[in-house]
1. Express the accessible area of the range 1-107 per residue in Å², computed with a 1.4 Å probe while the remaining protein chains stay in the model.
2. With all distinct Cα pairs included, what does the Kirkwood hydrodynamic radius of the range 1-50 come out to in Å, to one decimal, could you say?
3. Tell me the accessible surface of ILE27 in square angstrom (1.4 angstrom probe, heavy atoms of protein chains only), to the nearest ten.
4. How many percent of the accessible area of the range 1-99 is carbon or sulfur, using a 1.4 Å probe?
5. Using R₀ = 45 Å, calculate the FRET efficiency as 1/(1 + (r/R₀)^6) where r is the Cβ-Cβ separation of LEU169 and ALA107; round to 0.05.
6. Compute the accessible area per residue over the range 127-248, keeping the other protein chains in place, probe 1.4 Å, unit Å².
7. Per-residue ellipticity at 222 nm for the chain, helices alone: DSSP H runs ≥ 4 residues times -39500 (n - 2.57), over residue total, nearest 500 deg cm²/dmol?
8. Once ligands and nucleic acids are excluded and a 1.4 Å probe is used, how much of THR141 is accessible, expressed in Å² to the nearest 10?
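The values are calculated or read from the model by the stated rules, or taken from the named source; none is laboratory data. This is a predicted model, so every value here is computed, not measured. Cβ placement follows ideal geometry from the backbone for every residue including glycine, while neighbour counts extend to all protein chains displayed. Side chains are part of the model used for accessible areas, which takes the heavy atoms of the whole protein and leaves out ligands, DNA and RNA. Shrake-Rupley method; radii C 1.70, N 1.55, O 1.52, S 1.80 Å.
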Amino acid sequence: WWAASRTRQLNSFRHGFLPPMLATAAICGLIAAEDLGTAVLIFAVAIMVLLAAGCRLWHLASLVPLAAAGFVGAVLASPYRLDRLRAFLDPYNDPQGIGYHIIQSMAAIGGGGLAGSGLGNSVQKFGYLPEDTTDFIFAITCEELGLLGAVAIVSLYCGLLFLGASIALRQTEIFRRLLVIGITSTIGLQACINILVVTGLAPTKGIALPLLSSGGTGWLLTAFCIGLIASIDRASAAAPETAPVCNA
């Protein structure tokens, strides 16, 4: 809403860029006290929306030192976050402790091979891999469906992102365009972070895999947002001639 109603002011650091960044930083600061991964996700999506709305790159670059300092401070303030960073750097240094989770995840992925062990035939989900139905469900999927199943799932996410981007580009109203970009970015970044964590390419974070991880509220809200994108696309297709002209 801020970016859509102030497209002409976004090139101003003080009046267009700083207010939404301060509000987002305040919200993310509260979230980071309990969940750093979700805070990083929200902050990254806010930046993407502002960039799409026409914010200047040097405005964002000016926040990099502050954002990095805040991230480092949040990690240092919590012992378990330091443990996760150590496990990411060398999980085999403590295979029965802080490295156990990621080692079991990689064992599940490696055990799937090309075609997997078959749907429902996972071994790791029987008490070996924690959070096997939520944050680490992608590892179980790789074990049961193999590399082919993993590629299929990643392809579906890529297709969803492509459709979201296509719908956003077709919007002539700036609010609808930014809304679609925000939703698509949220789903895409969430899936990317989850897959990177599960495969050991990023430190462990509590980020679920959209539409695959179990959970009621998160699944319903994600489905609602995808339905909202479809509704926006139908509305723009039904009345293209009456859509307001984008000023961006």
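1. With the other protein chains kept in place, the range 1-107 gives 58 Å² per residue.
2. 11.3
3. 100
4. Numbers: 4010 of 5950 Å².
About 67 percent, which is the carbon plus sulfur part of the accessible surface.
5. That gives a FRET efficiency of 0.60.
6. Values: 6030 Å² over 122 residues.
Heavy-atom SASA per residue in the range 127-248 reads 49 Å².
7. Helix contribution divided over all residues of the chain: -21500 deg cm²/dmol.
8. 20
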